[in-house]
Amino acid sequence: MPRWRMPTCASAALAAAGLLLSGCANPSVGSANDDPTKPVTLKFWHGWATPGEVKAVNDSIDRFEKLHPNITVKATGNVSDETINQALRAGGDKAPDVVSSFTTNNVGQYCDSGMWVDLDPFMKKTGLDKHKTFPKTLLDYTSYRGNQCALPLLADAFGMYYNKDAFDEAGIERPPRTMSEFEKAAKKLTVRSGKGSYKRVGFMPNFRFYQNSPDRLFAQWGPEYFDADGDSRLADEPSTYKFFKTATRLADAQGGFDDLERFRMTFGDEMSSQNAFLTQKVAMHLDGEWRGLMLKDAKAEFNWDVAPLPVPDDQADTYGRGFITGTVAGIAHSSKHQNAAWELVRFLTADTKQVVNFANAIHNVPSTFAALKSPDLDADPTFRTFFDILENKHSKALPPSVNGGAYVVSLGDFAYGVEAGRVSDLRKGLKKLDEQIDADTLQSKS
């Protein structure tokens, strides 16, 4: 039987990051000695909240319980990472056995602290070859320094939605594939309605816009955030400078940051009927696979399609890549039913029919090789574009870190200053950013 591996006290004390109280978690509270064929009730906490999503989760549980009639699953939805972390710190009978998170950035914390158990022993025991089951990018964001404490539970891929009618009007025959083509298309698609105002922009580059967190577009350069020792290296990463230069050029080609920011402030909520792409205020739009279903449900009054985001001109051979993230699932260290919990995790993440059914139900990208090739998947070609992005060998996910997503927040805050012209010396600013990220990481370990 696999054993839960005891974390070191230094790695487990992640109070500053909000994962653990000071001191070490007690490894004796969990157990992988349970018999998964015996009657047992598992508690599964997840973050899905809409009626359609909750139904899809409950349908998944029904399928699992038919295969494992001795296991009853009690699911609790709309649970945040913070609530899960509090429950895992407390332990006891009320804590969940199986947990999921929408925040891949936190996987480094989960693995390093030992709060989510290493799944490799369970996979070895049950014959699941993770390298033959899951794309490498997904394995990268569900592990940390050799500890596979999570597995992908569907994925999100980011591409470029574009208004085909606007393209026809502007005489653009196909989506741009390189950043120079992107800049030209954005300028051509932009329609001003007076000085300092717009009817439509080609692409809204400002980082506060909807899904435009800088890490999403930065992924097109394939950057390395950390060195082998885990230290931030953004100032030493050549693509960082190229990325910010490109973002500035995109803004300047359409009137500059200030005008674009004023126009952005007129946009409606991302999830509403006043979404800027839906209302045709934006012709090209960075977003995930879920947007397509929303456009169809809203009966968009224009023709649209999806393509990969453009790539740097000197990396033209990587076209097709994109930013990858997703939901992750794991087993709580405090669970006394870890073998039974593994049966649920394995079913949810690796059973081909289940993954396909769940992906179709909530319009997310399947997270296994077999599911991606299944003939039962939604045949919508716009949806399948995201499958290709996921499988592209150049696609990137954010690297896990013991300070969770703090480094992403720091990058975002820095990027807001760059785009607004408040950073006069980019190299000096990036060095300070590296120092801040390293200090945050050190604090999370103290």
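The values are calculated or read from the model by the stated rules, or taken from the named source; none is laboratory data. In this text the structure is predicted, and so the values were computed from the model without any measurement. Every residue, glycine among them, receives a Cβ derived from its backbone with ideal geometry; neighbour counts consider all protein chains shown. Please note that ligands, DNA and RNA were not included when accessible areas were found on the heavy atoms of the full protein model with its side chains. Shrake-Rupley method; radii C 1.70, N 1.55, O 1.52, S 1.80 Å.
Give the residue, chosen from 148, 109, that is surrounded by fewer than 23 Cβ atoms within 10 Å (Cβ to Cβ), in contact (Cβ under 8 Å) with a residue 24 or more places away in the chain and within 30 Å of residue 227 (Cα to Cα).
148
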Selected residue (only one of 118, 140, 93 is buried (at least 17 other Cβ atoms within 10 Å of the Cβ) and in a loop (DSSP other than H, G, I, E, B)): 118
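Given 388, 376, 434, 380, which one is under 24 Å from residue 111 (Cα atoms) and in contact (Cβ under 8 Å) with a residue 12 or more places away in the chain?
434
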Counted residues, the stretch 407-429 - those being closer than 19 Å to residue 228 by Cα and either out of contact with any strand residue (DSSP E or B) (no Cβ under 7 Å at 6 or more places or on another chain) or surrounded by fewer than 18 Cβ atoms within 10 Å (Cβ to Cβ) (or both): 1
Single residue of the stretch 180-198 satisfying the filter (in a strand (DSSP E or B) and free of Cβ contacts under 8 Å to residues at least 12 places away in the same chain) that is surrounded by the most Cβ atoms within 10 Å (Cβ to Cβ): 191
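For residue 315, indicate whether it is modelled with pLDDT of 95 or more and open to solvent by 10 Å² or more (accessible area, probe 1.4 Å). Step through it out loud before you land on a result.
Working: modelled with pLDDT of 95 or more: yes; open to solvent by 10 Å² or more (accessible area, probe 1.4 Å): yes.
In short, yes.
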Residue in the stretch 70-78 that is of a type in the set (S, T, N, Q), outside any loop (DSSP other than H, G, I, E, B) and closer than 14 Å to residue 40 by Cα present: yes
Some residue of the stretch 214-225 being open to solvent by 10 Å² or more (accessible area, probe 1.4 Å), over 26 Å from residue 291 (Cα atoms) and in contact with a Pro (Cβ under 9 Å, 6 or more places away or on another chain): yes
Residue among 159, 91 that is over 30 Å from residue 301 (Cβ atoms) and either assigned by the TED database to the domain that holds residue 329 or under 16 Å from the mean Cα position of the chain (by Cα) (or both): 91
Among the residues listed as 429, 417, 412, the single one being over 20 Å from residue 286 (Cα atoms) and touching a Phe, Trp or Tyr at 6+ places or on another chain (Cβ under 7 Å): 429
Filtered residues of the stretch 267-293 (kept if out of contact with any Ser or Thr (no Cβ under 9 Å at 6 or more places or on another chain) and not aliphatic (A, V, I, L, M)): 269, 270, 272, 274, 275, 277, 280, 285, 287, 290, 291
Selection within the stretch 156-212 - within 17 Å of residue 253 (Cα to Cα) and in contact with a His (Cβ under 9 Å, 6 or more places away or on another chain): 203, 204
